[in-house]
Amino acid sequence: MNESDPHDHQLRVSKIRNGTVIDHVAGGQALNVLAILGIDGAGGESVSIGMNVPSDRLGKKDIVKVEDRELSQSEVDVLSLIAPEATINIVREFEVVDKLRVERPERVVGVLSCPNRNCISNANEPVDSKFDVVDDGVRCVYCGAIVREDIADHLSVA
């Protein structure tokens, strides 16, 4: 392959030994994926990001690779809200050992905060936030507030 060929559009991102590759994320959403995973650069995680990479399926996509970490189910559940087309690849010793499509859950519990300041889930009560997943976002079970595009801004845990 001629590396100087301007028609050579192959993506060249190094493989990871162990960890998670989150592929087929809608273009421009990689930073929200990092927010869901609680990655802010201060924790020392090794992360590779490809943003607005050409994709036959999505037009443009983002890819996030996180070394030495496998996602929890609650992380995958919230991830599915902002990246419903994503695939999760679990990598061990440079090999993909599991490939999963995210599935939108019916409800997410304890991972988002309600935007309604007067909601009981924001009071000093021992109540976990609960959101039903609806077509265009999530709806608070307690007060009915709806969160749409800015779901990552309402994360309550990382």
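For residue 92, what accessible area in Å² do you get when you roll a 1.4 Å probe over the heavy atoms of the protein chains, rounding to the nearest 10?
About 120 Å², ignoring ligands and nucleic acids.
Which percent of the accessible heavy-atom area of the chain goes to carbon and sulfur, probe 1.4 angstrom?
C and S fraction of accessible area: 44 percent.
I need the phi-derived Karplus couplings for the range 87-97: 6.51 cos²θ - 1.76 cosθ + 1.60, θ = phi - 60°, integer Hz, Gly and Pro marked x.
3J(HN,Hα) across the range 87-97, in whole Hz: 10, 10, 10, 8, 10, 9, 6, 6, 10, 6, 9.
Work from the charge dipole of the chain (Cβ charges, +1 for Lys and Arg, -1 for Asp and Glu, about the Cα centre) and give the residue of 109, 90, 63 farthest towards its positive end.
In the chain, that residue is 109.
Just how far, in whole angstrom, is the range 115-158 from the range 23-87 if you go by their alpha carbon centroids?
Here the two parts' Cα centres lie 22 Å apart.
I'd like the GluC sites (Glu not before Pro) in the range 22-78 restricted to DSSP loop residues with at most 15 other Cβ atoms within 10 Å, sorted by number.
70
Please determine, in degrees from 0 to 90 and to the nearest 10, the orientation of helix 73-82 with respect to the longest principal axis defined by the Cα atoms of the chain, where the helix direction is its Cα long axis.
80 degrees
The values are calculated or read from the model by the stated rules, or taken from the named source; none is laboratory data. The model shown is predicted, which means the values in this text are computed figures rather than measured ones. Because the Cβ atoms are built from the backbone with ideal geometry, glycine has one as well, and the counts that use them run over all protein chains shown. We work out accessible area using only protein heavy atoms, side chains counted, and drop any ligands, DNA or RNA first. Shrake-Rupley method; radii C 1.70, N 1.55, O 1.52, S 1.80 Å.
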